1. What ³J(HN,Hα) values, in whole Hz, does the Karplus curve 6.51 cos²θ - 1.76 cosθ + 1.60 give for region 71-77 when θ = phi - 60°, with x put for Gly and Pro?
2. Could you order the peptides 54-66, 74-86 from most to least packed, using the average number of other C-beta atoms within 10 Å per residue?
3. Give me the percent of the accessible area of region 58-123 that comes from carbon and sulfur atoms, probe 1.4 Å, all protein chains in place.
4. Region 28-47 to region 55-123: how many Å between their Cα centroids?
5. If I take every Cα pair under 8 Å that is 6 or more residues apart in the chain, average their sequence separation and divide by the length, what percent do I get for the relative contact order?
6. Write down the Å³ per residue value for the convex hull defined by the alpha carbon atoms of the chain.
7. Positive end of the charge dipole of the chain (Lys, Arg +1 and Asp, Glu -1 on Cβ, about the Cα centre): tell me which of S59, F37, G9 has its Cα farthest that way.
8. Taking only protein heavy atoms into account and a 1.4 Å probe, give the accessible area per residue of region 1-55 in Å².
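The values are calculated or read from the model by the stated rules, or taken from the named source; none is laboratory data. Everything numeric here is computed off the predicted structure, so don't read it as measured data. All Cβ positions, even for glycine, are placed from backbone atoms using ideal geometry, and neighbour counts span all protein chains on display. Protein only, heavy atoms only, side chains kept; ligands, DNA and RNA dropped before computing areas. Shrake-Rupley method; radii C 1.70, N 1.55, O 1.52, S 1.80 Å.
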Amino acid sequence: QVQLVESGGGVVQAGGSLRLSCAASGRTFSRYAMGWFRQAPGKEREFAAAISAYAHSASVAASVSGRFTISRDDAKNTVYLQMNSLKPEDTAVYYCAASDRYMSTKSADFGSWGQGTQVTVSS
C-alpha cells in the first residue's frame, strides 16, 4: 500500500483559490493513478479529479471542470489539486487516493487513502 498525507486545506472566501498537496511514500509512485475525492457534511463521498499513471491523462468532475486542475510531480512523489474560483458548495473534506490501476475515477478502485484535509469556502 501507499501512504498518503494531504496538506493545503483551509478557509477561503468564495472566488478564492487553494492548492492541495498529497505526498506519497514508496518508490513506484509514478505507476499509480491518483485521485482526489471529497465529502461534504451529510453527503456521500464523490469524485473530484484523477490523473493516470505517468500523467498521460486526467479527468475532473463536471461540477469542478474549468476550476480545478490535477497534476503530479513523480520526482517528488506528490499530486496536487489546484482549486480556483471556489464556491461555498466546494466545502468538504478532500481525500487523496491511490489506485494500482492505470487510470480510474471510481472510488472502489482506489486502495490507499489519506486522512483528508478540510476545505471551507465562505460566502
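1. Values, residue by residue: 8, 9, 10, 5, 5, 9, 6 Hz.
2. Numbers: 54-66: 13.9, 74-86: 18.5.
Packing order, densest peptide first, comes out as 74-86, 54-66.
3. 46
4. The distance from the Cα centre of region 28-47 to that of region 55-123 comes to 6 Å.
5. Details: 324 pairs, mean separation 44.3, N = 123.
The normalised contact order for the chain reaches 36 percent.
6. Details: hull volume 10.8 nm³, N = 123.
Roughly 87 Å³ of hull volume per residue.
7. Toward the positive end, the furthest listed residue is S59.
8. Values: 2940 Å² over 55 residues.
On a per-residue basis, region 1-55 sits at 53 Å².
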